[in-house]
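First up is the structure itself, then whatever we jot down about it.
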Amino acid sequence: MRTSTTATCLIVLGKRKLPIGMKSTLKPKKYVTNRRGQKVGVVLDIEDFKKMLADIEELESIRAYDAAKDSGDQAIAFLKATQEIERSRK
């Protein structure tokens, strides 16, 4: 089995896309196969899994920021936003 440890990533800054070559920090994977030998799952080291979850959460935050920025809505201070939310709950 041949695995690649190099991936290509695009980082989006505003409207520009910058290709960046990145080396994978994940260790080689072990696959779970069915009776036909088809890959149906993967076994990861727990530290790799935790890093993947953290990376996904960070990406979700970046996407939420980009969506908020592109929405054209007016930005308000965090304290003011929390006060408005608390008022709406009463």
Matching residues, region 43-52, being surrounded by 10 or more Cβ atoms within 10 Å (Cβ to Cβ) and assigned to a helix (DSSP H, G or I) | Glu47, Asp48, Phe49, Lys50, Lys51, Met52
Condition test on Gln38, is it at pLDDT below 90, loosely packed, with under 10 Cβ neighbours inside 10 Å and more than 24 Å from the chain's Cα centre (by Cα)?
-> no
Please go through region 64-76 and pick out each residue that is exposed (fewer than 11 other Cβ atoms within 10 Å of the Cβ) and not hydrophobic (A, V, I, L, M, F, W, C).
-> Tyr65, Asp70, Ser71, Gly72, Asp73, Gln74
In the list Ser71, Ser61, which residue meets the criterion of being within 19 Å of the chain's Cα centre (by Cα), at pLDDT 60 or above and of a type outside the set (Lys, Arg)?
-> Ser61
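The values are calculated or read from the model by the stated rules, or taken from the named source; none is laboratory data. On a predicted model such as this, the values are computed, not experimentally measured, just so you know. Every residue, glycine among them, receives a Cβ derived from its backbone with ideal geometry; neighbour counts consider all protein chains shown.
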